Amino acid sequence: MATRSGPPPKDPKMKRRRNKDLIEAIELPSDLGNVPSTPSVDPAWHSIARQLYMSYQVSPQARFFEPSDWAQLRYVCEFVSTTLYKGEYDAETPDFYRLNLDAAASMVSALEDFLTTEATRRRLRISIDPGKTTWSEPLPHWEELAEDWFRSLKLSGQSMYYQSTDVAFAVLVAEMIHRHIVMGMPGKMMATITKACSLLLTTESARRLAQMELAKAEDDSMDAHITALMEEYAQDI
C-alpha cells in the first residue's frame, strides 16, 4: 500500500492569508480648508510650477504631509520650473518650446508621490468626497489639440473627483502636449504623456484599472450632441 510522504497538511485556521490588503482605506471630506503653515511659493518659479505648488495648499490629501513632504515638493517644483524655463528660453531655438524626454518622465513620476491625481489616490485607497474645484483657463499659447484636451477634462465625468492638484497637474500635462506638438511629435515622448493622461483617468481603460465606473445618461440629448460633433468633424475633413 502506498504511503503518503511530506509534511502533514496545516490546520486551515493556521493558514496565512497572502492576499490580505495591507493598505488601510482612508476617507476624507473635500472641505478641510487650507493647509496651515506651509512654506511659501517661490515667485521666481515658472507660472505652471507656482500653480502646481499652491494647489496642494487647498487639497485635502495634503493634511497628511509632514515637513519632509513640503521640502521635497519644493524641490520637485523647482525642477518643474527649471525644466519648463529651459525649454521655453532655449537660446538656439527660442520659439520651439523644447522639452527633454527624461525630464518630462521624471516630473510625472516625482509628482505621483504627493497623491496628486485621483488615480494615485485610488491606488492607495484614499477616498476624497467630490467637492467644488476651481478650473483655470487654457493658456493662450497652447496648440488647439492641447487646449481641446484640457477643456475636455472639465466636461468628463471623472473630473467630479478632481482636486486642485489634479487641475494643476492637467495644466502641466497640457503644456507637455503643446510642446510635443510643436516639437514635431517625437514618438518616445508619447509614452510619457499618455502615462500622465492615465493618471487623470482620461480613458475607459484607465478608469477601469482604477475601479471607477461612470454612469452614462440615457437621453437623446447626448446622442444628438455626439452626432453634431461627428458631422462637424466630417465637414472639416
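The values are calculated or read from the model by the stated rules, or taken from the named source; none is laboratory data. Please read all numbers here as calculations on a predicted model, not as lab measurements. Cβ sites come from the backbone with ideal geometry, for glycine too, and all protein chains shown count toward neighbours. Keep in mind that these areas ignore ligands, DNA and RNA; they rest on the heavy atoms of the full protein, side chains included. Shrake-Rupley method; radii C 1.70, N 1.55, O 1.52, S 1.80 Å.
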Once the mean of 1/r over all distinct C-alpha pairs in segment 142-193 is inverted, the Kirkwood radius in Å reads 11.6 Å
Measure off 7 Å from each Cα along the Cα-to-Cβ vector at residue 212 and residue 129, then give the distance between these two points in nanometres to one decimal. 1.9 nm
Applied in sequence order to segment 180-193, the curve 6.51 cos²θ - 1.76 cosθ + 1.60 (Karplus, θ = phi - 60°) yields integer Hz couplings, x standing for Gly and Pro, of 4, 5, 5, 6, x, 6, x, x, 5, 5, 4, 5, 5, 6
Roughly what would the spin-label model give for residue 79 and residue 113, points 7 Å off Cα along C-beta, in nm? 0.7 nm
Quick calc: nm separation of the 7 Å Cα→Cβ label points for residue 145 and residue 190 -> 0.9 nm
Could you pull out the GluC sites (Glu not before Pro) across segment 126-205 that fall in loop regions by DSSP (anything but H, G, I, E, B) with no more than 16 other Cβ atoms inside 10 Å? 143
Residues with amide H under 5 Å of residue 128's amide H, sequence separation 5 or more or different chain, H placed in the peptide plane at 1.01 Å from N; which? 28
Multiplying the sequence separation of residue 58 and residue 72 by 0.36 nm and subtracting their Cα-Cα distance, what value in nm do you get? 3.3 nm
Note: segment 63-201, point scatterers on Cα, Debye, no solvent; log10 I/I(0) at q = 0.11, 0.13, 0.17, 0.18 Å⁻¹ equals -0.41, -0.58, -0.98, -1.09
Could you tell me the accessible area of residue 178 in Å² (1.4 Å probe, neighbours in place), rounded to the nearest ten? 10 Å²
Residue (of 170, 200, 190) at the positive-pole extreme of segment 159-216, dipole from beta-carbon charges: 190
